[in-house]
Every structure is written in C-alpha cells, then in structure tokens.
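The values are calculated or read from the model by the stated rules, or taken from the named source; none is laboratory data. Worth saying up front: this structure is predicted, and the values here are computed from it rather than measured. Note that we place each Cβ from the backbone using ideal geometry, even for glycine, and neighbour counts take in every protein chain shown. Only protein heavy atoms, including side chains, enter the accessible area calculation; ligands, DNA and RNA are left aside. Shrake-Rupley method; radii C 1.70, N 1.55, O 1.52, S 1.80 Å.
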Amino acid sequence: MQNSEVFILAIESSCDDTAAAVLHNDKVLSNVVANQLIHNQYGGVVPELASRAHQQNIVPVIDAALRKANIQKDQLNAIAFTQGPGLMGSLLVGSSFSKSLSLALNIPLIAVNHMHAHILAHFIDEEGYDKPEFPFLALTISGGHTQIVKVNSFFDMEIIGETTDDAVGEAFDKSAKILGLPYPGGPLIDKYAKEGNPKAFSFTKPKVPGLDFSFSGLKTAILYFIQKNRQENPNFIEENLNDICASIQHTIIEILMDKLKLAVKETGIKQIAIGGGVSANSGIRTTLKESEAKYGWKTFIPKFEYTTDNAAMIGIVGYQKYLSKRFETSAVVSKARIEF
C-alpha cells in the first residue's frame, strides 16, 4: 500500500508520560509529551495516579500534536497506539481513545509493541541521523527492560539476551535512592558522574553466562558498600558523591559493553543501535560512539527526544504497519506483558 501522503496519529501511554505525534510518512511533524510530576513525591510511578493523569492529559496532548503539525483530523490515514508492555491502567486510556477515534474517523487502527518502537525509532527520517541496515543488533535499555535484540527486518526480531532479574534503569534509580538522591535518580547519577573518577571505587560485575544480564547483585553490592563506608564516615556520600556516581556508572557501562562485544562475536553483526530511556545516559552514548574506532562497529544513537517514552517512535512503527496493512479491529486488547 504505497501512498506518498500517509498521515499517522500516534498515541503513547504505557507508563507516566502522555504523548501524541503526527507523522507524514517517516517524517515527524509533531511530537508532544506531557510529563506527570506528581510521582516525584512518591519516589516512583503510582499506577492509579498515572492512569488518572492520562485521562486528564490525552485530549489536550492530541489536540496540541494536531495543531503543531497543522493537520486536520480528516486528513489522518490511521491511528497507531501502544498496546503494551506497560501499566495496564495507563495503556487502557490510550487504547480506548485510539479505538474511539479510529471508529469515529473510519480509519485503520494499528497496535504497536512499545519495545519494537524503541528499536525502530532509528528509522524516523531525521537530518543528520543515519538509519541502520538489516540485520543489526539493538540494545534496548530502560527502567523495565534490558535486552539485546537481533533485528532482521521491521517485523522480524529475536531477543538473544535479556536481564534475568532487574533492568538497567532500575539499577541506576535504586543506586541513586541508596545515595539519597531524589526520583528519578538515573539522570542525576549521570550528571554527577561527569565530575567524578570512574576508577575511584570498584564493584564486582555479575557473572552471568551467555548474553543475559543481571543487576540485582550489583544493587546489593552498592548498598553494602555505602552502609559500610557510612559507618566509618557519616559524611562519606557527601564527600565522595561524584566519584561514587562515576564508579557506579562505569561498572554498569562495562556490564553492557561486555555483553555487546560477546553478541558481536557470536553473530558477526557489527551494526549496533541503542534505544530506551537509559540510552539518554551520556556515558553510555559516549562509550558506544568510541567503540566505532575501537572495535570497528557502526553505531546508531537516537536523537535525545526519541530515547525516553514518546509517540514519534510509535508512529514510525505505525507507518511501516500501514504500508503492509497490519491493522487491528476494536477487539484488540491492551497487554501489560506482551510477547516480543
């Protein structure tokens, strides 16, 4: 179904950000995100509050996306929405609105896997950004996921490595909590790490066979390390915050890079793309870029606004599904856990 004028409205509501985007083919015309600051006081996302905020935000966010794109509703060719994975209450707000709008406009409905979208965000047409060629390896890193995916085509992906317990984003946030930093703490560790010595303190890397990851042991090691040193010096964190953050971040990056190097060795694929909220981390981005000269890889790092949850990445998957007529009926259901 080739059409030079395909306009997709995309809706993302998997967690605590309400997002809407309008794409013209593979180009983003608008990408609007409403954050939910209410969760900061609780130290994490409260599902009930998240779904309630989505209900408040979804109409104004979609209206803003359409106005910014200068597109009328009757120009839309399809509605794409996040089917899962995510918080069920949050997902239902986006899916219910998408179903209603597609019925009202009598246009196709397209369901999108949130994790596929993080990977395929690399195919958004952006000036100055190359697109990977199939096959390539994708490292998806977020608060809920840590995966190495072999991407053979738009709709043929295989997880070849994943976390056996906690995700890398959780490791960052829990480490920040141990240090007494406010939520969300991952970006703060990145901020302080820039001023610290990454070799100041050493943490044992978990020994996990194959391409799988584990971060629960590292979190425990960091907790015991902080408790021990604070007993000896109550001001240990304040006096060493930059070095602690740099050392934690360095260890996490080494864990990720060790597995990526093994994945390249096993598959022979030297094209590496990253996606997910943690791919906004400056240390990870820098290390991956340096690997091009160091290991002969070709790396793909997304534009910052496409790393965290956003609707543009939902829209690019929607566009590809539109071309191959992969549509859904209103019977499609949201899924907190969804088959990859």
Q) Could you give every pair whose Cβ atoms fall below 8 Å, whose first residue belongs to region 328-340 and is in contact (Cβ under 8 Å) with a residue 60 or more places away in the chain and among the aliphatic types (A, V, I, L, M), and whose second residue is part of a loop (DSSP other than H, G, I, E, B) and open to solvent by less than 60 Å² (accessible area, probe 1.4 Å), counting only separations of at least 6 or pairs across chains? A) 336/85; 336/86; 336/87; 338/85
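Looking only at region 195-232, count every residue that is in a loop (DSSP other than H, G, I, E, B) and either of a type in the set (D, E, K, R) or touching an Asp or Glu at 6+ places or on another chain (Cβ under 7 Å) (or both) and tell me the total.
Adding up the residues that qualify gives 11.
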(Q) Filter region 153-180 down to the residues that are open to solvent by less than 30 Å² (accessible area, probe 1.4 Å) and more than 29 Å from residue 317 (Cβ to Cβ) and list them by number. (A) 175, 176, 179
Q: Please verify whether region 318-329 includes one or more residues that are more than 29 Å from residue 29 (Cα to Cα) and open to solvent by less than 30 Å² (accessible area, probe 1.4 Å).
A: no
Q. So is residue 241 at negative phi, open to solvent by 30 Å² or more (accessible area, probe 1.4 Å), in contact (Cβ under 8 Å) with a residue 60 or more places away in the chain and assigned to a helix (DSSP H, G or I) or not?
A. yes
Q) Taking interchain pairs and intrachain pairs at least six residues apart, which have beta carbon atoms under 9 angstrom, with the first residue in region 140-152 and in contact (Cβ under 8 Å) with a residue 60 or more places away in the chain and outside any loop (DSSP other than H, G, I, E, B) and the second of a type in the set (Gly, Ala, Ser) and open to solvent by 50 Å² or more (accessible area, probe 1.4 Å)? A) none
**Q.** Extreme residue, most open to solvent (accessible area, probe 1.4 Å), among residues of region 244-265 that are in contact with a Gly (Cβ under 9 Å, 6 or more places away or on another chain) and not hydrophobic (A, V, I, L, M, F, W, C)
**A.** 250
Q: Test residue 211 against the criterion of being at pLDDT 95 or above and out of contact with any Gly (no Cβ under 9 Å at 6 or more places or on another chain), and give yes or no.
A: no
Q | Count - residues of region 92-128 that are of a type in the set (A, V, I, L, M) and in a strand (DSSP E or B) | A | 4
Q. Can you name every residue in region 50-74 that is in contact with a strand residue (DSSP E or B) (Cβ under 8 Å, 6 or more places away or on another chain), of a type in the set (S, T, N, Q) and either closer than 15 Å to residue 312 by Cα or exposed (fewer than 15 other Cβ atoms within 10 Å of the Cβ) (or both)?
A. 70
Q: Take region 1-18 and flag every residue that is at pLDDT 95 or above, touching a helix residue (DSSP H, G or I) at 6+ places or on another chain (Cβ under 6 Å) and not in a loop (DSSP other than H, G, I, E, B).
A: 7, 8, 10, 11, 12
Q | Failed item, numbered, when residue 339 is tested on (1) surrounded by 14 or more Cβ atoms within 10 Å (Cβ to Cβ); (2) more than 15 Å from the chain's Cα centre (by Cα) | A | (1)
Q: State which residue is most open to solvent (accessible area, probe 1.4 Å) when the search covers only region 75-91 and only residues that are among the small types (Gly, Ala, Ser) and not in a helix (DSSP H, G or I).
A: 86
Q: Return the only residue of 187, 209 being under 24 Å from the mean Cα position of the chain (by Cα), closer than 25 Å to residue 119 by Cα and open to solvent by 50 Å² or more (accessible area, probe 1.4 Å).
A: 187
Q) Does region 100-138 hold any residues that are over 30 Å from residue 74 (Cα atoms), open to solvent by less than 50 Å² (accessible area, probe 1.4 Å) and in contact with a helix residue (DSSP H, G or I) (Cβ under 6 Å, 6 or more places away or on another chain), and which are they? A) 132, 137, 138
